[in-house]
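K.L.:
After the structure tokens below, expect a handful of questions from me.
Bear in mind these aren't lab numbers, they're just calculated from the coordinates by the rules spelled out. All of these numbers come straight from a predicted model, not from anything done at the bench. Backbone-built Cβ (ideal geometry, glycine too); neighbour counts: all protein chains shown.
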Amino acid sequence: MRNLRRRGVDVSCIDCVPNQPGFKTVYGKAYLCPNPDEAPAEWVRFLVDLGKKIGGKPVLISSADQFVTAIAYHAAELREHFTFLHAGVTAQALLATKKCQYEIANKNGMPVPRTQLVRSLEELLRFAAEARFPWLLKPVHFREWERFPAGHPLLNQKTAPRPGVHPLLPSGRQCG
């Protein structure tokens, strides 16, 4: 936002979480939108109305996976109101999940760390027995960890680097 604003571009921040840094910036107006995961129709309606209010055909740039995915899913409805790379939104949405990121990187010969999709405690223990440490635990998509109950050590986290005892391993298992 800062760099665009300093170049004379009017900018706005749009998010469904009001404590994000964009809501405290002096570089543009912040708008609180509906959560596109929980209320997709309301989110689209909000954006269309905001686009009309701003006027012209504003550029829509996402800075979070949640909105990359939402823009891709609703591109047909948003394209007449916003400027964005229509041809690229599908590819961008694929890159919003770690699973697709690593698969695409592997297919194209890019070096990636050993990656394992873990769906059970048994799979976690099997991976941990073979993994080289330190390790980094990430959800397939950040929203996966929003579903944890209050107080869970991974609730709303993007990654979990854990030297020492890992909160998901049985007591006494070490990592790092």
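K.L.:
Exactly which GluC sites (Glu not before Pro) in the range 1-95 are in a DSSP loop and have at most 11 other Cβ atoms within 10 Å?
P.N.:
Counting only loop positions with at most 11 other Cβ atoms within 10 Å, the GluC sites (Glu not before Pro) in the range 1-95 are 38, 80.
K.L.:
Please list 3J(HN,Hα) in residue order for the range 115-131, calculated via the Karplus relation 6.51 cos²θ - 1.76 cosθ + 1.60 where θ = phi - 60°; whole Hz, with x for glycine and proline.
P.N.:
10, 9, 7, 10, 10, 8, 4, 4, 5, 4, 5, 5, 5, 4, 5, 9, 6
K.L.:
Moving to a separate point now. Quick one: net charge around residue 26, please, counting Lys, Arg +1 and Asp, Glu -1 for every other residue with C-beta under 15 Å from its C-beta.
P.N.:
It works out to a net charge of +4.
K.L.:
May I ask you to evaluate 6.51 cos²θ - 1.76 cosθ + 1.60, the Karplus curve with θ = phi - 60°, for each residue of the range 64-81 and list the ³J(HN,Hα) values in order in whole Hz, giving x for glycine and proline?
P.N.:
Calculated HN-Hα couplings, in order: 9, 3, 4, 7, 4, 5, 5, 4, 4, 5, 10, 4, 4, 7, 8, 4, 7, 10 Hz.
K.L.:
Please arrange 9, 118 by how many other C-beta atoms lie within 10 Å of their C-beta, fewest to most.
P.N.:
9, 118
K.L.:
Now a separate question. Under a Cβ-Cβ cut-off of 12 Å, what is the net charge of the residues other than residue 51 that fall near it, where Lys and Arg count +1 and Asp and Glu count -1?
P.N.:
+2
K.L.:
Further, regarding this structure: Could you run the Karplus curve 6.51 cos²θ - 1.76 cosθ + 1.60 with θ = phi - 60° over the range 9-20 and give me ³J(HN,Hα) per residue in whole Hz, x for Gly and Pro?
P.N.:
Coupling constants for the range 9-20: 8, 6, 10, 9, 10, 10, 8, 9, 10, x, 8, 5 Hz.
K.L.:
Could I ask something else about it? Mind checking the full-extension length gain between residue 12 and residue 59? Use 0.36 nm per residue of separation minus the Cα-Cα distance, one decimal, nm.
P.N.:
Contour length minus Cα-Cα distance gives 15.9 nm.
K.L.:
Around residue 13, which amide H atoms from residues at least 5 apart in sequence, or from another chain, sit under 5 Å from its own amide H, with H modelled in the peptide plane?
P.N.:
29, 30, 31
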